[in-house]
Each structure stands twice: as C-alpha cells, then as structure tokens.
Amino acid sequence: MTFRGDANFDTSTVSRGGGGRGGGGAIAVGGGGILTLILVLASMFFGVDLTGLAPQDASPPSQGQSQGEEVTGCTGEDANDPANVTCRMEGGADSMSRFWTETASANGIEYADPRVMLFDRQVDTGCGAATSAVGPFYCPPDQAIYIDTTFFQQMREQFGASGGSLAQLYVLAHEWGHHVQHITRQLERVQQGDSGPQSSGVRSELQADCYAGAWIAGASETTDDDGGAPVLIEPTQQEMNDALNAAHTIGDDALQEMGGGGVNPESWTHGSSEQRMNWLARGFNEGVGACDTWNAPEV
C-alpha cells in the first residue's frame, strides 16, 4: 500500500526502543479473564497450544520497561522506502489512529490510541519480558503494540510470505484490532486455554483480522491535516494479495504443516489460513459492522 509522497504524519504513538532488561523469561498477561495473548502468538508460530501456561494472576509492569524514543519527521516518501520499516509503521499508525478515532466517534465509543513500540531483540513490557521469538503482540496492561521490525524479514525468509508493504501494515492493523477489542471489552470474552476452530481465542483473532481488513478499505478515504488529502492511496489488487498471502501464511494449519507435526485443529488458537483470509476479506469488503465473530454461528 502506497503512502502519498508528501504526506506528513501527525502522531506521537510510535516509539523506537528495545534492549530492555528482559532475558526471555516467562511472559504473562493478566487481569479480567483476558487470554495470555503472547502465549497465543507463541502457539501460532510453533504449532503447539501453549495457552495453558498462562498464569492466573496479574503481573505488574516490569521496572525495567522503557518508553523508547518517539519517532518523528517521517514523510510518505520515507514510508514508501522498502528499507524504512520504522517510518512505514509511523505512517500506518497515523492512518489507523485517524480511522479508528472516526469509527469510534460514529459509534459512540470512547477511544484512545495504543502505543506502538518498535524494538530490537528484546523488550520489557507490562506483560513481562519479550524477545523476537514471540512475534508482534498487543499487551493489554500497557495498551501497547510491540513489534520487532526484523519480524517482517522472518515472514519472508522463514514463513514464505511475500512481506510487501501492505502485508507489513496488516500485521500492525491486526494488533491495533486487539487494542480496539480491549477498549470495547471484547477481549474479556476470550476463555483461557480455549482452542479449536470455533473457540473464543480463534474468534478473537479473526475479529482482529476483520478489523484490519476494514482499515485497509477505509485507509484511502482517511485524510490528513494538510488540505484533507488521503494519507494512503487505494491498494492495488497485488497489494491486497500480499496481505491475504500474509494471512494465509500465518494460519494455524499452515504453520503446523510447516512444523512437520501434522495438522491438529483442536489446538488452533488463531484460525486456519482459510478462516484468516476470509475474515480479512470480509472486513475489507463489508466494513467494521461485519466483524462480529462472537455471534457468528461458525467462523
């Protein structure tokens, strides 16, 4: 997805940090019956359901947690540079902030943006210490999205995804969707340890995919402060194919096949490749109103 070259981003959401004191210890998300999202992500990558390891009690934020350095000065031209992941995340955050602020206002929802922390190798969070192996995740106690920017290289080299610009922004938009679920208290519907194709965990992840699709569709209509021009240009079919390819690549069945252990639907925590592609496309084609995975008879 291409940014308007002269677009200037107006957000203080994104920070660049990393190298906290974390050493890869136990990772915990607590409070309100919320599923341990980081362990769910680990399950996604390794094809094993690790959600049973989630502790029952809330963990306080790490004392070594760093706020990082705010990303500033990025333009649309910078964000379009394939090597400039930082500015691409900054531009994406600017667009998502505008989209969700408008959407929440139209639906009477009290809304505030998440923080986006870009890190390198390891980071301390309110959910515990995290390393690159965890992948991108949302931490509810921090109301923050954490992304190791080397993950996008891993998507291409290890998981075989095309990893284009919209594929990268889809990852950010998916995690932003979890933030929307958090502030609307939908994350509280996830039952700890629940897995399988129709489980609460899968429904949560598919809703985040659907929200990502809705943002992709609306992004080219979301304007900036300089004359009301869109920040992002409407995606091409090839760019949308890249996003769908990313959703396919990180489906539970695809990752399990890659791991060589056979496909076990009852262990799924994020949904199959087909489910993830379908809900991403549904959000794109039908908007946020079509993303009620909780009341769908089947997802």
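The values are calculated or read from the model by the stated rules, or taken from the named source; none is laboratory data. The structure presented is a predicted model; accordingly, all values stated were derived computationally and were not measured. Cβ placement follows ideal geometry from the backbone for every residue including glycine, while neighbour counts extend to all protein chains displayed. All accessible areas refer to the heavy atoms of the entire protein, side chains included, with ligands and DNA or RNA removed. Shrake-Rupley method; radii C 1.70, N 1.55, O 1.52, S 1.80 Å.
Here are a few things to note about the model shown:
- Scanning the stretch 106-132 for residues that are open to solvent by less than 60 Å² (accessible area, probe 1.4 Å) and either touching a Cys at 6+ places or on another chain (Cβ under 8 Å) or small (Gly, Ala, Ser) (or both) yields a count of 8.
Yes/no matrix, rows are residues, columns are (1) surrounded by fewer than 17 Cβ atoms within 10 Å (Cβ to Cβ); (2) at pLDDT below 95; (3) in contact with a Lys or Arg (Cβ under 7 Å, 6 or more places away or on another chain):
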site	(1), (2), (3)
150	yes, yes, no
160	yes, yes, no
178	no, no, no
184	yes, no, no
199	no, no, no
204	no, no, no
220	no, yes, no
224	no, yes, no
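- Filtered by the rule that a residue be closer than 25 Å to residue 73 by Cα and aromatic (Phe, Trp, Tyr), the stretch 84-136 gives 99, 100, 119.
- Of all residues in the stretch 120-147, those that are closer than 18 Å to residue 85 by Cα have Cβ atoms under 9 Å from Cβ atoms of residues that are open to solvent by 20 Å² or more (accessible area, probe 1.4 Å) and of a type in the set (Asp, Glu), 6 or more apart or on another chain, in 132/120.
- Qualifying positions in the stretch 78-91 - in a helix (DSSP H, G or I) and among the hydrophobic types (A, V, I, L, M, F, W, C): 79, 85, 87, 89
- Qualifying residue in the stretch 239-256 (condition: free of Cβ contacts under 8 Å to residues at least 40 places away in the same chain, closer than 17 Å to residue 94 by Cβ, open to solvent by 30 Å² or more (accessible area, probe 1.4 Å) and not aliphatic (A, V, I, L, M)): no
- Residue count for the stretch 87-103, restricted to those that are over 16 Å from residue 175 (Cβ atoms) and either buried (at least 17 other Cβ atoms within 10 Å of the Cβ) or under 14 Å from the mean Cα position of the chain (by Cα) (or both): 3.
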